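Novice: Could you have a look at this structure, given as structure tokens, before my questions?
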Amino acid sequence: MPFLTALVAAAGRGRRLGLGYNKVFLPLKGRPLLSYSLEVLGRSPLVQAVIVVTTPEDVDRCWAIIGPQYAKGIRVVEGGKERQDSVGKGLKALPPETEFVAIHDAARPLLTEELLAKVVKAALETGAAIAAVPVQDTIKRCGAAELVERTVNREGLWAAQTPQVFRRDWLEEAHRRARAEGWRATDDASLVERCGYPVKLVPGDYANIKITTPVDLVLATALLEAREKIKIE
């Protein structure tokens, strides 16, 4: 098994949640969001090291969450202004022996070991893979004054999620070129694609939601309770 380091993006500002603090510390069923991802990554035999990238002011608070139950080679590093900058800083902290990098958003607390394993398997075969789900809603492109310009054919459209797993050299090249050429993207796969590398789509999980609004928090709570009920039964 190649050496895999998981990089956790944990610098969310929580503005759309109306928070005055980093949303990775938002409680979900009595636990901070960040702890859920760390638990899965720490338990997975596929992950050899974990790097948490957060805002400079939140480094100590992240360490306070990382107890002995997350003993697997964890580091906490300071991120940058935007998500892309933070991932770039996380890449500079990778253990030398890292061959593959798994990037996951701490704001997606419903990650499962099964989904992680599927994405890792695909990345080992192809060099790059991401979790994604087919778009279910009708998509409209909006113009001026919020008037519809056109309806987009959703056939073949997928919504990207995390985890996203890449060969280390591909990901580092993508971020290096992005800095040099001024590329900006909302996920790392976009940068890797722009370098001409193939990225495999792995069917993700509609429950693998990103906590962005108060409604998402309610939904995540219900999904976790449903999972717990299934385990009990």
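Computed from the coordinates by the stated procedures, all read-outs in this text should not be read as laboratory data. None of these values were measured; they are calculated from a predicted model. Note that we place each Cβ from the backbone using ideal geometry, even for glycine, and neighbour counts take in every protein chain shown.
Novice: Given Cβ point charges of +1 (Lys, Arg) and -1 (Asp, Glu) and nothing else, what value in debye, to the nearest 20, does the dipole of region 1-82 about its Cα centre take?
Specialist: 280 debye
Novice: Quick one: compute the contact order of the chain, relative version, from alpha carbon pairs under 8 angstrom and 6+ residues apart, as a percent.
Specialist: 22 percent
Novice: Using the Kirkwood radius over C-alpha pairs as Rh, can you work out the diffusion coefficient of region 4-232 via Stokes-Einstein at 37 °C, viscosity 0.692 mPa s, in µm² per second?
Specialist: After rounding, the answer is 179 µm²/s.
Novice: Taking neighbour Cβ counts within 10 Å as the exposure measure, how do Leu7, Leu157 sort from fewest upward?
Specialist: Leu157, Leu7
Novice: Sticking with this one: Could you put Val152, Val87 in order, starting from the residue whose Cβ has the fewest other Cβ atoms within 10 Å?
Specialist: Listed from fewest to most nearby Cβ atoms, that is Val152, Val87.
Novice: Oh, and also: Can you tally the lysine pairs in the chain where the Cα-Cα distance is under 13 Å and the two residues are eight or more apart, or on different chains?
Specialist: 4
Novice: Same structure again: Residues with amide H under 5 Å of Val47's amide H, sequence separation 5 or more or different chain, H placed in the peptide plane at 1.01 Å from N; which?
Specialist: Placed amide hydrogens put nothing under 5 Å from Val47.
Novice: Could you tell me the relative contact order of region 23-130? Use alpha-carbon pairs under 8 Å, at least six residues apart, and round to a whole percent.
Specialist: Across region 23-130, relative contact order equals 30 percent.
Novice: While we're here: Indicate, rounded to the nearest 5 percent, the antiparallel portion of the DSSP beta bridges found entirely in region 118-233.
Specialist: 70 percent
Novice: With both bridge residues required to lie in the chain, what share of the DSSP beta bridges run antiparallel, to the nearest 5%?
Specialist: 45 percent
Novice: Using Cβ contacts closer than 10 Å as the measure, can you line up Ser86, Ser37 from fewest to most?
Specialist: Lowest count first: Ser86, Ser37.
Novice: I've got another one for you. Sequence gap at least 6, Cα distance under 8 Å: using those rules, report the relative contact order of region 2-74 to the nearest whole percent.
Specialist: The value is 37 percent.
Novice: At Arg184 and Leu201, where each label point lies 7 Å from the Cα along Cα→Cβ, what is the point-to-point distance in nanometres?
Specialist: For Arg184 paired with Leu201, the spin-label model returns 2.6 nm.
Novice: With label points built 7 Å along Cα→Cβ from the Cα atoms of Ala226 and Cys142, find their separation and express it in nm.
Specialist: The answer from the label model is 2.7 nm.
Novice: So what are the ³J(HN,Hα) numbers for region 136-147, from phi and the Karplus equation (6.51, -1.76, 1.60; θ = phi - 60°), rounded to whole Hz, Gly and Pro as x?
Specialist: Coupling constants for region 136-147: 9, 7, 6, 9, 10, 8, 9, x, 5, 6, 6, 9 Hz.
Novice: GNM, the chain, Cα, under 10 Å: largest mean-square fluctuation among Glu172, Glu149, Glu181?
Specialist: Glu149
Novice: Please give me, ordered by residue number, the GluC sites (Glu not before Pro) of region 18-109 that lie in loop per DSSP and have at most 16 other Cβ atoms within 10 Å.
Specialist: Taking region 18-109 and a limit of 16 other Cβ atoms within 10 Å, the loop GluC sites (Glu not before Pro) found are Glu82, Glu97, Glu99.
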